[in-house]
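The structure appears right after this line, and notes come after that.
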Amino acid sequence: MRLRQADPSDLPALTRLEQETLENPWTTEQLAEELARPDSRCLVAEEGGAVTGYALARLAAGVLELLRIGVSPAHRRRGVGGALLTAVVEAARHGGAEEIWLEVRAGNRAAIALYERGGFSRVGLRPRYYDHPPEDALLFQRTP
C-alpha cells in the first residue's frame, strides 16, 4: 500500500469510493471543488495502481477537520483506514494544527472503533445531524 496526495486525476476513483462507502456521497463536482480549496488536504491509498481508500480534511485556524474517510469494501480490515488516519494526524502535526475534529454516525461502529484506536475521544453529540437515514452524529477530537 502506498499513500500519496490526491490530484484531479483521482476524481473518478474518489467518486466511486464515495458511492461505495458513504450513505450520502458527494458528487464529482463537490469533490472537485473541495480538492481545489487551498485549505483542503486529500490523501489516497493505492494498491496495485488502484485507489483503495482516501481521507479528505480541511485545515483552518489551527484546526484540522476530517471531512471524509472511505475504504473500498474489498480492502477493508487490511489496515488501509488506520494508515490513512495516521497520515492525517501526521499531516495535522506538520501543518501546525492544534486540534483534529471529526463527526461520525452514531451507528457506525467500525468507524468509531477506528477513531478510538487512533487516539480520538468522544467530546459531543449532534442530535439528528444526518439525513437519509436520520441519525445522530458523535463528535470526536484529539490533538496531533
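Taking only Cα atoms of the chain, what ratio of Rg to Rh do you get with Rh as the Kirkwood inverse-distance radius?
That ratio is 0.93, to two decimals.
Relative to the compact globular guide of 2.2 N^0.38 Å, what is the alpha carbon radius of gyration of region 32-116, as a ratio?
The reported ratio for this selection is 1.08.
Order of THR52, THR143 from fewest to most other C-beta atoms within 10 Å?
Ranked by crowding around the Cβ, least crowded first: THR143, THR52.
Which one, GLY62, PRO8, TYR115, projects farthest toward the positive side of the charge dipole computed for the chain from Cβ point charges (K/R +1, D/E -1)?
Final value for the positive-end residue is TYR115.
Quick one: check the C-alpha center-to-center distance for region 105-144 versus region 52-93, whole angstrom.
Between the Cα centre of region 105-144 and that of region 52-93, the gap is 14 Å.
Using modelled amide H (1.01 Å from N, peptide plane; none on Pro or chain starts), what sits under 5 Å from the amide H of LEU67, excluding residues fewer than 5 places away?
LEU56, ALA57, ARG58
Taking the number of other C-beta atoms within 10 Å as the exposure measure, put VAL123, VAL51 in order starting with the fewest.
VAL123, VAL51
Order by neighbour count: TYR115, TYR130, fewest other Cβ atoms within 10 Å first, most last.
So the residues, fewest neighbours to most, are TYR130, TYR115.
Counting pairs of alpha carbon atoms under 8 Å apart in space and at least six apart in sequence, what relative contact order in percent does the chain give?
Dividing the mean separation by the residue count of the chain yields 19 percent.
Consider all pairwise Cα distances in region 86-144 and report the whole-number % of them above 16 Å.
Everything past 16 Å amounts to 45 percent.
Every number here is computed from the coordinates shown, using simple stated rules; none is lab data. Everything quoted here is computed from the prediction, not taken from an experiment. With ideal geometry, Cβ positions are generated from the backbone for all residues, glycine too; neighbour counts draw on all protein chains shown.
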